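**Q** Sharing a structure below in structure tokens format, with a few things to ask.
Every read-out reported here was derived from the displayed coordinates using simple, explicitly stated rules and does not represent laboratory data. Just so it is clear, the structure is predicted and the values come from calculations on it, not from any experiment. A quick note on method: Cβ atoms are made from the backbone with ideal geometry, for glycine too, and the neighbour counts reach across all protein chains shown.
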Amino acid sequence: MSAVWAKVPGPLGRPMVDAAFRADPYATYAALREAGPIHWSEEFFGGAWLLTRHADVEAVLRDAQRFSAQRTGGWVMQDEAARAELKDFQQLFARAMLFLDAPDHTCIRGVLNAGFRNEVLRQFVPAIELRVDDLLDAVDMHAGFDFMQALARPLPAEVMALLMGIPADDRGEFITWSDDLAAFIGAPVPSLELARRARTSLLAMSAYFEQLLPQRRRAPGDDLVSRLLRAEEAGTIQPGSELLSQCAMLLFAGHETTRNLLGNGLQALLSDRKGWQRLQQEPALLPGALRELLRFDSPVQYTGRRVAVDLVLHGRQLRRGDLVIALIASANRDPARYEQADRLDLARRPGGLLSFGAGAHVCIGASLTLLEAEIVFARLLWRFPQLELVDAQPNWSGNLVYRGLNALPVRQAP
């Protein structure tokens, strides 16, 4: 372990087993930024460069020429024993838009962009509002309820399924499948057991869509699955693993970020009731406040890239094929970018926010996530003005990529 780690509080080299880091990683990020802009760690997939500061993280995410999104091979099949067993998993996983470079990424994103335009998403507002009200109607607000189980977990999966034109009766398994993929992606060094569970869930998603796609070919609509099928017919998207991978990963990616924005955001607002009360008094702050909540406690803590060409960064030699971990959550708290960066300021307008990424791979569903969150928080502020935490100690999941809560017990105070 390099000497720089000794300057950082806690066992920084082993964050995946450090309960203090999982509960609050931000003190560690601050120490990392102060110690330097780039560090080598052996704890991520056998070794990776960690970038700590906003300027570097943003630059890497925007630089598709020198930093590639194609990074799944050594991650999925880490040794010879796993290669044959996980080959089918890798074939699907690697073709997801998240892990593609141009021109493949550009083509697939171009197909889906139209389905995420604001004017399209606004058509779903009444249905989302109705579903949020139904979920809130089912809770016992005075006895208390788990916000994560009651609303934050089911809603994003149901909304994405709605956009994809998936029948309501078929949505029950999606959350479990998504959880297995998130556990695999969120492990710095995923075990074979995690990989097997992720494989089982991704193949189950693929099998579901293999049954759905022929039905949708016979009766296409304007949903995301139909858009992908039209692109397949036009030759823009390849049939088989490429088509199935986009369907599966839309469900997964559309679930994790939104769920954790809802949970992390409500936890932050209710931990200091001044923010909750201010939003009640100034509801016009809500859209901007959501972006500040994303900055303050990012649902996506980091993402990865592979070095595409040998280069020197801050005096360190990076070789082609090296893994780079862009610490998004650290960048979002960089005092060089944000004044009083560790303070939640609901009136802040955080330009340069990196919670949705940046560059070609900026989250395609960012507008949908913000739309869902605005509906949920507006409903909560109106219906439960005296909402409070039941337990002041947050129950964090421990996933290092997708920071979120296992549970968030809340109640309406008398």
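**Q** Cα-Cα pairs above 17 Å in segment 252-299: how many percent?
**A** Taking all Cα-Cα pairs of segment 252-299, the fraction more than 17 Å apart is 32 percent.
**Q** Please give the Cα centre distance for segment 346-401 versus segment 176-196, rounded to the nearest Å.
**A** After rounding, the separation between the Cα centres reads 23 Å.
**Q** Then there is this: Each residue of segment 377-382 in order: what ³J(HN,Hα) in whole Hz does its phi give by Karplus 6.51 cos²θ - 1.76 cosθ + 1.60, θ = phi - 60°, with x for Gly and Pro?
**A** Karplus values, whole Hz, x for Gly and Pro: 5, 4, 5, 4, 4, 7.
**Q** Please sort by residue number the GluC sites (Glu not before Pro) in segment 322-381 whose DSSP state is loop and whose Cβ has at most 14 other Cβ atoms within 10 Å. Mind showing how you got there, number by number?
**A** Values: sites: GLU339, GLU372, GLU374; in loops: GLU339.
Taking segment 322-381 and a limit of 14 other Cβ atoms within 10 Å, the loop GluC sites (Glu not before Pro) found are GLU339.
**Q** Also, I was wondering about something else. Residue-wise, which Karplus ³J(HN,Hα) couplings in Hz belong to segment 258-264, taking 6.51 cos²θ - 1.76 cosθ + 1.60, θ = phi - 60°, and x for glycine or proline?
**A** Once θ is set to phi - 60°, the couplings for segment 258-264 become 5, 3, 7, 4, 4, x, 4 Hz.
**Q** What ³J(HN,Hα) values, in whole Hz, does the Karplus curve 6.51 cos²θ - 1.76 cosθ + 1.60 give for segment 203-220 when θ = phi - 60°, with x put for Gly and Pro?
**A** 5, 5, 4, 4, 5, 4, 5, 4, 7, 6, 4, x, 5, 6, 5, 6, 9, x
**Q** Express in nm, to one decimal, how much length is gained between GLN340 and ALA19 on full extension, taking 0.36 nm for each residue of separation and deducting their alpha carbon distance.
**A** 113.0 nm
**Q** Now for a separate question. Can you tell me which of GLN215, GLN70, GLN301 moves the most in a GNM of the chain? Springs connect C-alpha atoms under 10 Å apart.
**A** Sorting by GNM fluctuation, first place goes to GLN215.
**Q** Relative to the compact globular guide of 2.2 N^0.38 Å, what is the alpha carbon radius of gyration of the chain, as a ratio?
**A** Rounded to two decimals, the normalised Rg is 0.97.
**Q** So what is the 222 nm mean residue ellipticity for the chain from helices alone, if each DSSP H run of at least 4 adds -39500 (n - 2.57) and you divide by all residues, rounding to the nearest 500 deg cm²/dmol? Could the numbers behind the result be given before it?
**A** Details: 18 runs with 202 residues, N = 414.
Taken over the chain, the calculation gives -15000 deg cm²/dmol.
**Q** Only four residue types carry charge here, +1 at the Cβ of Lys and Arg and -1 at the Cβ of Asp and Glu. Report the dipole size of the chain about the Cα centre in Debye, rounded to the nearest 20.
**A** So the magnitude is around 860 debye.
**Q** Let me ask something else about it. Full-extension gain between ASP140 and ASP170, please, as 0.36 nm times their residue separation minus the C-alpha to C-alpha distance.
**A** Gain in length upon complete extension: 8.1 nm.
**Q** While we're here: What distance in nm separates the two pseudo spin-label positions at LEU285 and ARG217, each 7 Å out from Cα along the beta-carbon direction?
**A** Output for this residue pair reads 5.4 nm.
**Q** Shifting gears a bit: Taking amide H positions as placed in the peptide plane 1.01 Å from N, state which residues far from SER68 in sequence (5 or more) or on other chains have amide H under 5 Å from it.
**A** ARG306, VAL307, ALA308
**Q** Highest mean first, what order results for 325-335, 359-369 on Cβ atoms within 10 Å?
**A** Per-residue mean Cβ counts within 10 Å order the peptides as 325-335, 359-369.
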